[in-house]
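K.L.:
Could you have a look at this structure, given as structure tokens, before my questions?
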Amino acid sequence: MSVWKNFIKGIIKENPVLVLLLGTCPTLAMTDSVSKAFGMGVAATVVLICSNMAISALRNVIPDKVRIPCYIVLIAGFVTVVEMVMHAYLPDLYEAMGVFLSLIVVNCIILGRAEMYASKNRVFDSAVDAVGMGIGFTLALLCMSTVREIFGAGSWMGMEIPFIKDHTVGILTMSPGGFFVFGVLIAVVNKLTGHRKRSEAGGCAGCPGAALCMKNGCSEREGEGK
């Protein structure tokens, strides 16, 4: 896979949120405002890049039987650094993000890329993969938060928008509104990428998340259905 394809796949074709459906907890919790969504996206991207590079560099040193605990320790170290920096220089954003900043440690996107990509590829390729996935994650958060904040709160980045501020749909800033916007964006991305048609035509082979399934799990289920 070329460097460009490795980078671009995480933005749309294998977007971690809207295609692979990973990291949905922070996606729904942090997208009621654009500032929180951007902060979460940047923080997760920094941790993803650093952890992917570290895990790739140490992939031949980390024992296979304890690889997951080792990954978590490495990721937790980078999350702690990000938390300290944000606490020192962005205290308001740090407080707004709350516990979800710490929960980046167990974010499925970061653990998933560590297990499925960084542990099997070179440092440079792992860094490119992380940048693409991080940008895809951030863009998904920004799209969701923009819709929710503008039409739910009548503002963008805390700045009030004339007319819209007097005709808001308050439910968009709540959990049901978050799920609704999330579903609509998934439908739009599936339509643009033709993901559903590929999946129906090729079974598991047409799914970008096929590698995340349990080994032989899909093939066994397909065999049962024949």
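The values are calculated or read from the model by the stated rules, or taken from the named source; none is laboratory data. This is a predicted model, so every value here is computed, not measured. Quick reminder, even Gly has a Cβ in these numbers, built from the backbone with ideal geometry, and neighbours come from all protein chains shown.
K.L.:
Of everything in segment 167-189, what is within 18 Å of Ile12 (Cβ to Cβ) and free of Cβ contacts under 8 Å to residues at least 60 places away in the same chain? Give them in sequence order.
P.N.:
Result: Gly183, Val184, Ala187, Val188.
K.L.:
Select from segment 63-80 the residues that are free of Cβ contacts under 8 Å to residues at least 12 places away in the same chain and among the aliphatic types (A, V, I, L, M) and write down the one among them that is farthest from Gly39 (Cα to Cα).
P.N.:
The qualifying residue farthest from Gly39 (Cα to Cα) is Val66.
K.L.:
Counting just the residues of segment 165-210 that are of a type outside the set (A, V, I, L, M), exposed (fewer than 12 other Cβ atoms within 10 Å of the Cβ) and in a helix (DSSP H, G or I), which one comes out modelled with the highest pLDDT?
P.N.:
That would be Gly183.
K.L.:
Here is a follow-up. Which of the following residues is buried (at least 17 other Cβ atoms within 10 Å of the Cβ), within 16 Å of the chain's Cα centre (by Cα) and among the hydroxyl-bearing types (Ser, Thr, Tyr): Ser51, Ser33? Give the steps one after another, and end with the answer.
P.N.:
On the way: Ser33 fails: within 16 Å of the chain's Cα centre (by Cα).
Selected residue: Ser51, the only one of Ser51, Ser33 that is buried (at least 17 other Cβ atoms within 10 Å of the Cβ), within 16 Å of the chain's Cα centre (by Cα) and among the hydroxyl-bearing types (Ser, Thr, Tyr).
K.L.:
Residues to consider are Thr138, Thr80; find the one that is at pLDDT 95 or above and within 22 Å of Thr31 (Cβ to Cβ).
P.N.:
After applying the criteria, what remains is Thr138.
K.L.:
Still on this structure: Before we move on, is Leu20 touching a residue at least 40 places away in the same chain (Cβ under 8 Å), under 19 Å from the mean Cα position of the chain (by Cα) and in a helix (DSSP H, G or I)?
P.N.:
Considered against the rule, which asks whether it is touching a residue at least 40 places away in the same chain (Cβ under 8 Å), under 19 Å from the mean Cα position of the chain (by Cα) and in a helix (DSSP H, G or I), Leu20 comes out as no.
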